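These notes are about the structure you will find just below.
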Amino acid sequence: MDIALIAISARPLAASAARAGFAALSFDLFADLDTCAHTARCVRVHKKNGCAFDGDDLIQALHSLAPTGLPVVLGGGLEDDTALMTRIAERNPILGNAPAIVRVLKDPIALAALAAHLGIPFPSATLEAPTPDTFGDAPVLEKKIGGAGGAHIRRRARGDLSPPAAGHYLQREVDGQSLSLLLLSNGSAARVIGASRQWHAQDEEHPFRYGGATGPVALPEPFAGEMLKAAISVSLACGLVGLVSLDFVVNADGWFMVEVNPRPGATLDIFDTDPLPPLLGLHLAACGGKLPEMLPAPAQAHAAGVIYAAHDMVVPQDAWPDFVADRPPAGASVLKGAPLCTVRATGPTPEVAEARMRERTQALLRDFGLGAVMEPAP
């Protein structure tokens, strides 16, 4: 084994590892068919609280299967449990940002203070019960500290002055287009991989659930320089290493940074493509201090959309089309609201790639008799 990969869904990391020629050992919550195909060994870890790692089961599996000292790359899904990250690092070195850095960046009050210090617009946030003046007349969101994927975000009723639930915080909601900027950093310098546009896969219980992304897209011209400067400033101020992303909300009047993800994320699906080198290889090199002088632009635009099960279901026997990723095996049970698969497409522009992805999604739902909810194209 060359490396271990740990994420809620390790498939994007596994695909990049295979592209880079690594023999990887993956741990995630799904062990999908294509994750297993990309790795030397693929391990499904027990879930708890819906879609989170059972930390004890993960540590037991890691200690049983990974040699002491085998380096680990972490993807999404551990930011809400930096104690678990620390347990992992005690035996297997993390190639990426340390748990202490993740803890700071996922603390909304610390991130707000950092943003203020760097002059970056950031929606006001609190861990306390709000007063009538805390957010004024603005709508308010309640979010889980360290939460990923957007399914944890709820919009508060107007006038609700109760404190947030334990482990949650309140933040002023800002309207606009969701954009994400992917960087490669070595702690003292950074390179821009590209920007992507994101959307929600909404249902009544999950109005802000991650639905997918397309890119590369251009940052809005009036704000592009400021947003790029902000992303690099955060990366360098925190000494971030490897692949990191920053999420923004942009409207006609301005922009806000809303989140920093100090690890590889879902936009690997958009950017880990020719002629770019394998991004996991670049991540490992950057963790060792090395950055490429320049990076080529992707040859095409890419789009990837997540399908969530609209009801409890059993995966049919039909073969998955080639454009589907995160493929559960036939006969697997998928609960209502759980991710089912990812649909991918390419095109000469992000708009064309997204339109093709949505066409494929509708065909898949029709041909497979699947149920799902996707936000209509803008």
Qualifying residue in the stretch 317-337 (condition: in a strand (DSSP E or B), within 20 Å of the chain's Cα centre (by Cα), under 18 Å from Arg19 (Cβ atoms) and of a type outside the set (D, E, K, R)): yes
Meets criteria (open to solvent by 30 Å² or more (accessible area, probe 1.4 Å) and over 30 Å from Leu282 (Cβ atoms)) for Thr126: no
Members of the stretch 157-191 that are of a type in the set (Lys, Arg) and touching a Phe, Trp or Tyr at 6+ places or on another chain (Cβ under 9 Å): Arg172
Answer residue from the stretch 196-219, given it is within 14 Å of Val249 (Cβ to Cβ) and out of contact with any Phe, Trp or Tyr (no Cβ under 9 Å at 6 or more places or on another chain) and is modelled with the highest pLDDT among those: Arg197
Residue that is in a helix (DSSP H, G or I), modelled with pLDDT of 95 or more and surrounded by 15 or more Cβ atoms within 10 Å (Cβ to Cβ), where the choices are Val104, Val192: Val104
Single condition Ala148 does not satisfy, out of (1) within 20 Å of Phe208 (Cβ to Cβ); (2) part of a loop (DSSP other than H, G, I, E, B); (3) open to solvent by less than 40 Å² (accessible area, probe 1.4 Å): (3)
Qualifying helices (runs of 4 or more DSSP H) (wholly inside the stretch 217-297; at least 2 residues being open to solvent by 30 Å² or more (accessible area, probe 1.4 Å) and more than 20 Å from Ser26 (Cβ to Cβ)): 224-237
Residue in the stretch 314-337 that is modelled with the lowest pLDDT, counting only those that are farther than 24 Å from Pro216 by Cα and surrounded by 18 or more Cβ atoms within 10 Å (Cβ to Cβ): Gly337
Flag for Asp269 being among the acidic types (Asp, Glu) and touching a Pro at 6+ places or on another chain (Cβ under 6 Å): yes
Boolean, His302 is outside any loop (DSSP other than H, G, I, E, B) and of a type outside the set (A, V, I, L, M): yes
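The values are calculated or read from the model by the stated rules, or taken from the named source; none is laboratory data. Since we're looking at a predicted model, the values are computed, not measured. Backbone-built Cβ (ideal geometry, glycine too); neighbour counts: all protein chains shown. Side chains included, ligands, DNA and RNA excluded: accessible areas come from the protein's heavy atoms. Shrake-Rupley method; radii C 1.70, N 1.55, O 1.52, S 1.80 Å.
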